[in-house]
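The values are calculated or read from the model by the stated rules, or taken from the named source; none is laboratory data. Computed from a predicted structure; not experimentally measured. Using ideal geometry, Cβ is built from the backbone for each residue, glycine included, and neighbour counts are taken over all protein chains shown.
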């Protein structure tokens, strides 16, 4: 249960920090990769900044961490995107398992690297929060987890006939 809470906390911090990164980019910087927590347009950063009452110093520190880490994360995200495109050709065309297997294995390794980096970054960002902010974040994640569990339990069973 604690591991699941920690994972949700990490996910929320990813959104928070990704938003900080997106917000911090200058106009001549390339646009962030869309659809990922690190490419959000600052909405979640604004939410968490207000929710956790982040100081200007904390915001600046988080922005600095994300800017420092972007060169590490961006190539991994681009690799995943490229591999998705390569796999799509086998979904939409002739399926060839001998070609799909190594692509999926490479994608899995890239995802492992990305998760390791994200976890390290999230830990670094979490340490920038005060004890009260950390407690508030943990409470937020616990409430989110409870809502998700309730949603999963109340979801209708999938209809296999469709």
Index of the failed condition, residue 129 passing every other in (1) surrounded by 15 or more Cβ atoms within 10 Å (Cβ to Cβ); (2) touching a helix residue (DSSP H, G or I) at 6+ places or on another chain (Cβ under 7 Å); (3) assigned to a helix (DSSP H, G or I): (3)
Qualifying residue in region 152-162 (condition: surrounded by 10 or more Cβ atoms within 10 Å (Cβ to Cβ) and either closer than 30 Å to residue 55 by Cβ or free of Cβ contacts under 8 Å to residues at least 40 places away in the same chain (or both)): no
Given (1) free of Cβ contacts under 8 Å to residues at least 60 places away in the same chain; (2) closer than 30 Å to residue 140 by Cα, index of the condition residue 58 fails: (1)
Yes/no for residue 101 being at negative phi, surrounded by 14 or more Cβ atoms within 10 Å (Cβ to Cβ) and part of a helix (DSSP H, G or I): no
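Every residue, every condition in (1) exposed (fewer than 14 other Cβ atoms within 10 Å of the Cβ); (2) at pLDDT below 95; (3) touching a helix residue (DSSP H, G or I) at 6+ places or on another chain (Cβ under 7 Å), yes or no:
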{"position": "83", "(1), (2), (3)": "no, yes, yes"}
{"position": "90", "(1), (2), (3)": "no, yes, yes"}
{"position": "93", "(1), (2), (3)": "yes, yes, no"}
{"position": "97", "(1), (2), (3)": "yes, yes, no"}
{"position": "109", "(1), (2), (3)": "yes, no, no"}
{"position": "117", "(1), (2), (3)": "no, yes, yes"}
{"position": "120", "(1), (2), (3)": "yes, yes, no"}
{"position": "142", "(1), (2), (3)": "no, yes, yes"}
Lone unmet requirement of (1) in contact with a helix residue (DSSP H, G or I) (Cβ under 9 Å, 6 or more places away or on another chain); (2) at pLDDT 90 or above; (3) closer than 21 Å to residue 59 by Cα for residue 135: (1)
